[in-house]
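Comments concern the structure below.
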Amino acid sequence: MRHIDYVPQPKYHLIEEHPNKFHKDYDCVVIDEEKYKDVIIQYDVVQAYEEKDKNGDNIGKFSFNFIICENPNDLDLTTKQFKTILGDILQKLLKEHLDRAEQD
């Protein structure tokens with residue numbers, strides 16, 4: 001996982017409602033990146049875990065699943081590129097959540 005300060009910032013926005021929304025308490029993510037524009041997903045299971053790096057230090061990692069709410073251009077959403085974009089968005093969302101929690 002890349003450090004959050006060095007992660008590219010994909011273009012996206014959140015929406016609260018979508019007819020194909022699975023988790024009622026979770027927002028949906030609308031991708032605004034050119035190739036995946038208008039794809040709408042919802043994060044499903046997100047897990048944090050630690051792994052040792054090559055120096056034996058613990059590093060935090062995330063794994064996640066997502067639900068496709070809308071794929072208007074019938075794109076292949078199983079690619080590493082798409083999953084990397086979702087991982088970058090997830091990191092940003094988690095950081096924003098933690099920053100808000102620290103302020104409260």
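A Förster radius of 25 Å, combined with the Cβ-Cβ distance separating Gln9 from Glu34, puts the computed FRET efficiency at roughly 0.95. Between 0 and 90 degrees, the angle of helix 80-103 with respect to the longest Cα principal axis of the chain falls at about 70 degrees. Sequentially through the stretch 18-34, phi angles give Karplus couplings (6.51, -1.76, 1.60; θ = phi - 60°) of 7, x, 9, 4, 9, 8, 5, 8, 10, 6, 9, 10, 9, 7, 10, 5, 3 Hz, Gly and Pro residues having no value and appearing as x. Note on His97/Asp74: beta-carbon distance plugged into 1/(1 + (r/R0)^6) with R0 of 22 Å gives a FRET efficiency of 0.10.
Note on Ile41, Ile67, Ile59: ascending count of other Cβ atoms within 10 Å places them as Ile59, Ile67, Ile41, the fewest first.
Amide H contacts under 5 Å for Cys69: Ile40, Ile41, Gln42, restricted to partners 5 or more places along the chain or on a different chain, H placed in the peptide plane at 1.01 Å from N.
Any read-out appearing in this document is the output of simple, stated calculations on the displayed coordinates, not a laboratory observation. Since this is a predicted model, take the numbers as computed values, not measurements. For neighbour counting, all protein chains shown are included, and Cβ atoms are generated from backbone atoms with ideal geometry for every residue, glycine included.
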